[in-house]
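> Shown below is the structure under consideration.
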Amino acid sequence: MNRITYSHLVVFVVGLVVLCSSCSTQKNSFVNRSYHTVSSKFNVNFNAKEAMKEGEAELAKKNKDNFTTQLPIYNYPAKNDLASIFPAMDRTIEKCSKSIYKHSMLIRGKEYVKTMDDVYLLMGKSYFYKQDYVQAQRVFNYIITNYKGSQWNALEEAMIWATRTAIRQGYYSSALVSLDEIAYMLYKSKNKKLKVLYNAAGAEYHLTATDGDILAAIDYINEAVANNPKRDFKTRLYFIRGQLYETNGQLQEAQKSFQKVIKLATEYEMIFSAHMHLAMNYDGTPSSRASIMKDLEKMLTESKNEDYYDQIYYAMSRIAEKDENEKEQQDFLAKSVAAYTNNDYQRTFSSIILADMLFENEEYVRAQSYYDTALMTLPNNYPNREAVIKKGNILRGLVDNLTIITTQDSLQRIAKMSEAERNTWVRKMIENHTAEERRLAKEEADRMAALAATAGMRNVNTTTSNGKWYFYNQSLITQGKTEFFRLWGNRKLEDNWRISNKQQLSFEELAVMNDPSLVEDMTEYDDDGNPIKQRETDPKEAAYYTQDLPLTPGAMDTSNIMIVNAMYNAGIIYLDDLHDIKRSNETFRRLITRFPDHDLALPSLFLLYRNLLQTNDPGYNEPKNTILTKYPDSDYAKLIQDPDYYKKLADVEKGHERKYEQVFEAYSRKDWRQTIVLSDAEIPMVSDVVLKSKFEYLRAVAVGQTTGVDSLVSSLTHIIKTYPKTEVAELAKIYLSLFPDKKELTASTVGGQGGSEAAPTSNYFKYLPDEMHYVTLIIDINKYTVVDVKNDISNFNSQFFSLQRFNVNSFYLDQKDQTQMVSITRFKNKETAMEYYHAMVQNEFFKPSIAKGGMKVCVMSATNYTTFYNNIASRVTYQKFFEENYLEKK
């Protein structure tokens, strides 16, 4: 018994020694190497790979291809949309770090655990997917430096990922060198997976780099395809190759690629897009056109293609373009826009092409409507985005003014009718509306009758012969979908989908329908207590059509003022923005003829004179003589007689500016009396409103210093009333709000820090993107408790930024204790802070609070944070500064 016990004890001790020695990472032995290799591979590394798969699956959900543009080799979602993959990728990084810490045997600069290169590769890929390219490059470079030799298997793959990282960072020369090195290393390799990755990276380089070459990209794609990648990726490469062949004018090769896509693809949208490309590659012959148009028209009859009608019509417009049939091209583009269901990019693309065509043909009103359509969903990365926005805004201003002219002209025409003629016109409008109502009612009745006739559809057996449920029976699904389309057409899945007019009823409106006594008195009253007549909203009432008619002399004058202002604005837009001198001259002539005595007739005459003179039109003498005879003392007459007239005026203004510098010097020296004397002498002479307001401001500060707060308040109030639209007025409002108790003021509190000049509010803050940053939340504590907000931030950080450590602090912003600021630190620079900001404002924890206005989130550099904290007056201006410099809302 004792002998057996002793033997067991020996075995236990020996096993314990072996186990302990196996845990050592500093002793190079076969047992140690085997233990750590197996433990890392089948424990920590396995969990890291599972987390990576989860993150890649989440990333795949965000990959949405736009087949109307050149597809990239790989999709890279906007960094702002990546928050949902962070938990899985951070878990991968955490597991990899744990594996390195517990199992790496790095002894005298040499690694002895064979799985460590795979661990580092997983970590680098995680950073890459998070688009943290700096960290990713560091990890890949570490593998390249430390894991050379035949015993490691991750070197070449790490080099490929490093190359992709350099491409994403825009380091194209470095990427090109790496591609050459990898090509040499893989020359004799039989590893098809690595060759696919390498050639895909090469193709990505040539599709991304400024010196990229289409033919080189095609060669790389051909090599990748030859190494038999996975089916989905191979299909994607074929599609990209077809697009590149199209761009290069190799239409037959493009057709071969798209035919391969049709054979291999499993996604209908890609198959459909391949068919579209085949159609648009037509060779211009009548027989080819007839065949392609027949196929496209057949596709328009198939209900499964309803979401793709816009692309079909666009393909037809391309055919018309090749036939040089501009009218037909415009018709098909208009149909493409009208057929929109959910493809924002196609609607935008078709709208812009059509709008540009109409713009070139000077059909500005129609062009504006299509630019407006495009601007609703214009992507941030759309080519020439700023030019599209500019054209749209210009035309919107023009069309708004033209609409005012035509509307007021129509109203005046009807107002000038006899009462009998006007009554006849009103009756006709009511009859037209009633007839349209009947037509719509009949359509609805016909549709409901069709619905009743097919009521038997409700009794369809929802199981198949083998007992499977309805939604597993593809035949019944197709039958039901077809019937739905026949009855209802294409309806979006949304509340009240049966109703064409989506006017929603609130709970209050429903209550009033049940109990009319609950209706509120919505009548508005004037200052004398008399009810203000409400606008008529019922098209069946005569007042609906007559309420805007200018039937009195005063109303007619108001209508004319609207017309003359709109004419002048339209003339300016034609001239300055559209450079359409012909239409500009026509508009100014109409204004001068119709309103010869209006104040805008004189500038219109001068602009007409200048336009005609610049185009060498002898007709310039007519407006010139009118100005010189009718307005001899005007600036315009003086400018005609003396072309340097405005230059002389400018010299006078420069003199005023020099005087302002003298006043400011006195102000800076705190010579308050001299400031007042110089300002009083100059203010009556200055005509420029902005400069005059600055003189007034310096004088107000000086008066406050010499006579006290009452004089200061009076002077600041005068500035606000006299110069309401100037920046100085905004400063005056801020200062007035800071001193409600009318205490005696010092130069530092009134004049700003160091007695600085009245400056634009944005000068409080500086744009310092490379400085350390804070993310701040301004909380209305009447709506939310800071404790709850901090808890939400903690949960958010744990879920989405688990590898980072933040400090979260809070303090009160105002003396009434109504507002608190919560600050989250520290972020290395603007970029890292904005990553956190975008993730936060899109998160369900914070979205509702931000939308309701009880919480404002912004990002501040350390310098601006200090300014914001110390300078109360600066706080009201920071939101605008943040939007302009961080969100780029100009």
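The values are calculated or read from the model by the stated rules, or taken from the named source; none is laboratory data. Quick caveat, the model's predicted, so the values are computed rather than measured. Glycine also receives a Cβ, built like all others from the backbone with ideal geometry; neighbour counts cover every protein chain displayed. Ligands, DNA and RNA are excluded from the accessible area calculation, which covers all protein heavy atoms including side chains. Shrake-Rupley method; radii C 1.70, N 1.55, O 1.52, S 1.80 Å.
> Is the range 360-378 home to any residue that is open to solvent by less than 60 Å² (accessible area, probe 1.4 Å), farther than 30 Å from L575 by Cα, over 16 Å from the mean Cα position of the chain (by Cα) and among the hydrophobic types (A, V, I, L, M, F, W, C)?
Our first condition is that a residue be open to solvent by less than 60 Å² (accessible area, probe 1.4 Å); within the range 360-378, this holds for 364, 367-375, 377-378.
Filter once more, keeping what is farther than 30 Å from L575 by Cα: none.
No, every residue in the range 360-378 fails to be open to solvent by less than 60 Å² (accessible area, probe 1.4 Å), farther than 30 Å from L575 by Cα, over 16 Å from the mean Cα position of the chain (by Cα) and among the hydrophobic types (A, V, I, L, M, F, W, C).
> I've got another one for you. Which one of these does K783 not meet: (1) in contact with a helix residue (DSSP H, G or I) (Cβ under 9 Å, 6 or more places away or on another chain); (2) in a helix (DSSP H, G or I)?
(2)
> Please go through the range 186-245 and pick out each residue that is open to solvent by 40 Å² or more (accessible area, probe 1.4 Å), more than 17 Å from N75 (Cα to Cα) and in a loop (DSSP other than H, G, I, E, B).
Y187, K188, K190, N191, T210, D211, D213, N228, listed by residue number.
> Give L106, L122 a once-over and let me know the one that is at pLDDT 85 or above and not aromatic (F, W, Y).
L122
> While we're here: In the range 233-247, which residue that is touching a residue at least 24 places away in the same chain (Cβ under 8 Å) and of a type in the set (D, E, K, R) is nearest to L215 (Cα to Cα)? Spell out the reasoning first.
Let us first name the residues in the range 233-247 that are touching a residue at least 24 places away in the same chain (Cβ under 8 Å), namely 233-240, 242-247.
From what is left, the residues that are of a type in the set (D, E, K, R) are 234, 236, 246.
On the way: K234: 18, R236: 17, E246: 12 Å.
Result: E246.
> Something else: Hey, among S802, S823, S794, S810, which residue is more than 16 Å from S849 (Cα to Cα), open to solvent by less than 70 Å² (accessible area, probe 1.4 Å), more than 27 Å from the chain's Cα centre (by Cα) and touching a residue at least 40 places away in the same chain (Cβ under 8 Å)?
Numbers: S823 fails: more than 27 Å from the chain's Cα centre (by Cα); S794 fails: touching a residue at least 40 places away in the same chain (Cβ under 8 Å); S810 fails: touching a residue at least 40 places away in the same chain (Cβ under 8 Å).
Going through S802, S823, S794, S810 in turn, the sole match is S802.
> Identify all residues within the range 767-791 that are within 25 Å of the chain's Cα centre (by Cα) and not acidic (D, E); write none if there are none. Show your work before the answer.
Here is the first cut: in the range 767-791, the residues within 25 Å of the chain's Cα centre (by Cα) are 767-770, 773-778.
Selection gives Y767, L768, P769, H773, Y774, V775, T776, L777, I778.
> Of the residues in the range 653-684, how many are closer than 21 Å to P724 by Cα and exposed (fewer than 12 other Cβ atoms within 10 Å of the Cβ)? Break it down stepwise before answering.
Keep residues of the range 653-684 that are closer than 21 Å to P724 by Cα, which gives 660, 679-680, 682-684.
Imposing the further condition that a residue be exposed (fewer than 12 other Cβ atoms within 10 Å of the Cβ) reduces the set to 680, 684.
Selection size over the range 653-684: 2.
> Quick one: D577 ticks every box in (1) modelled with pLDDT of 90 or more; (2) closer than 30 Å to E363 by Cβ bar one, so which box is it?
Condition (1) is where D577 drops out.
> I would also like to ask the following. Taking the range 266-298 only, how many residues are free of Cβ contacts under 8 Å to residues at least 12 places away in the same chain, among the β-branched types (V, I, T) and either touching a Gly at 6+ places or on another chain (Cβ under 6 Å) or not in a helix (DSSP H, G or I) (or both)?
Here the count works out to 1.
> When you look at S99, is it touching a strand residue (DSSP E or B) at 6+ places or on another chain (Cβ under 7 Å) and farther than 27 Å from E204 by Cβ, yes or no? First the steps, then the outcome.
On the way: touching a strand residue (DSSP E or B) at 6+ places or on another chain (Cβ under 7 Å): no; farther than 27 Å from E204 by Cβ: yes.
Criteria not met by S99.
> If I go through the range 593-616 residue by residue, how many of them are surrounded by fewer than 13 Cβ atoms within 10 Å (Cβ to Cβ) and closer than 22 Å to H579 by Cα? It would help to see each step written out before you state the result.
Let us first name the residues in the range 593-616 that are surrounded by fewer than 13 Cβ atoms within 10 Å (Cβ to Cβ), namely 593, 596-597, 599, 614-616.
Add one more test, that the residue is closer than 22 Å to H579 by Cα, and what stays is 614-616.
Looking only at that region, the number is 3.
> Shifting gears a bit: It is to be established whether one or more residues within the range 62-79 are assigned to a helix (DSSP H, G or I), within 26 Å of the chain's Cα centre (by Cα) and over 30 Å from Y314 (Cα atoms). So that I can check it myself, show each step before the final result.
Going through the range 62-79, the residues assigned to a helix (DSSP H, G or I) turn out to be 79.
From what is left, the residues that are within 26 Å of the chain's Cα centre (by Cα) are 79.
If we keep only those that are over 30 Å from Y314 (Cα atoms) too, we end up with 79.
Among the residues of the range 62-79, at least one is assigned to a helix (DSSP H, G or I), within 26 Å of the chain's Cα centre (by Cα) and over 30 Å from Y314 (Cα atoms), which makes the answer yes.
> Restricting to the range 127-173, give me the number of residues that are open to solvent by 60 Å² or more (accessible area, probe 1.4 Å), within 18 Å of I100 (Cβ to Cβ) and of a type in the set (V, I, T).
1
> From the list S336, S273, pick out the single residue that is farther than 22 Å from R366 by Cα and hydroxyl-bearing (S, T, Y). Explain how you work it out, then say what you get.
Working: S336 fails: farther than 22 Å from R366 by Cα.
Going through S336, S273 in turn, the sole match is S273.
> If you don't mind, there's one more thing I want to ask. Please determine whether any residue of the range 714-730 is touching a residue at least 40 places away in the same chain (Cβ under 8 Å) and open to solvent by 40 Å² or more (accessible area, probe 1.4 Å).
The initial filter retains those residues of the range 714-730 that are touching a residue at least 40 places away in the same chain (Cβ under 8 Å), namely none.
Within the range 714-730, none of the residues are touching a residue at least 40 places away in the same chain (Cβ under 8 Å) and open to solvent by 40 Å² or more (accessible area, probe 1.4 Å).
> For the range 800-843, how many residues are in a loop (DSSP other than H, G, I, E, B) and either under 24 Å from E771 (Cα atoms) or modelled with pLDDT under 80 (or both)? Outline the logic, then answer.
The initial filter retains those residues of the range 800-843 that are in a loop (DSSP other than H, G, I, E, B), namely 801-806, 813-818, 828-829, 842-843.
The next check asks that each one be either under 24 Å from E771 (Cα atoms) or modelled with pLDDT under 80 (or both); those that pass are 801-806, 813-818, 828-829.
Residues flagged as in a loop (DSSP other than H, G, I, E, B) and either under 24 Å from E771 (Cα atoms) or modelled with pLDDT under 80 (or both) within the range 800-843 amount to 14.
> To continue, here is another question. Looking only at residues that are open to solvent by less than 70 Å² (accessible area, probe 1.4 Å) and of a type outside the set (A, V, I, L, M, F, W, C) in the range 404-422, which one is nearest to E363 (Cα to Cα)?
T407
> Conditions first: (1) farther than 18 Å from R583 by Cβ; (2) open to solvent by less than 80 Å² (accessible area, probe 1.4 Å); (3) modelled with pLDDT of 90 or more. R385 passes all but one, so which condition is the exception?
Among (1) farther than 18 Å from R583 by Cβ; (2) open to solvent by less than 80 Å² (accessible area, probe 1.4 Å); (3) modelled with pLDDT of 90 or more, the lone unmet condition for R385 is (3).
> Can you name every residue in the range 650-692 that is small (G, A, S), part of a helix (DSSP H, G or I) and without any contact (Cβ under 8 Å) to a residue 40 or more places away in the chain?
Result: A650, G655, A666, S679, A681.
> If you take the residues of the range 557-592 that are β-branched (V, I, T) and open to solvent by 70 Å² or more (accessible area, probe 1.4 Å), which of them is farthest from Y609 (Cα to Cα)?
Just the residues of the range 557-592 that are β-branched (V, I, T), to begin with: 558, 561, 563-564, 572-573, 581, 587, 592.
Okay, now just the ones that are also open to solvent by 70 Å² or more (accessible area, probe 1.4 Å), so 558, 561.
Details: T558: 28, I561: 23 Å.
The residue in question is T558.
> May I ask you to list pairs of residues, at least six apart or on different chains, whose Cβ atoms are under 8 Å apart, with the first in the range 121-132 being at positive phi and the second being among the aliphatic types (A, V, I, L, M) and not in a helix (DSSP H, G or I)?
Listed pairs, sorted by first residue: Q131/L82.
> Related question: Can you pull out the residues in the range 330-350 that are surrounded by fewer than 19 Cβ atoms within 10 Å (Cβ to Cβ) and not acidic (D, E)?
If we filter the range 330-350 for residues that are surrounded by fewer than 19 Cβ atoms within 10 Å (Cβ to Cβ), which is where we start, we get 331, 334-335, 338, 340-342, 344-345.
Matches in the range 330-350: A334, K335, A338, Y340, T341, N342, Y345.
Quick grid of which residues meet (1) touching a helix residue (DSSP H, G or I) at 6+ places or on another chain (Cβ under 9 Å); (2) in contact (Cβ under 8 Å) with a residue 24 or more places away in the chain:
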position: K540; (1), (2): yes, yes
position: Q547; (1), (2): no, no
position: L578; (1), (2): yes, yes
position: R590; (1), (2): yes, no
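> Under 7 Å between Cβ atoms, at least 6 apart or on separate chains: pull out the pairs that start in the range 305-317 with a residue that is assigned to a helix (DSSP H, G or I) and end on any residue that is open to solvent by 40 Å² or more (accessible area, probe 1.4 Å).
Going by the 7 Å Cβ cut-off, the qualifying pairs are E306/N490; D307/N342; D310/Y340; Y313/K335.
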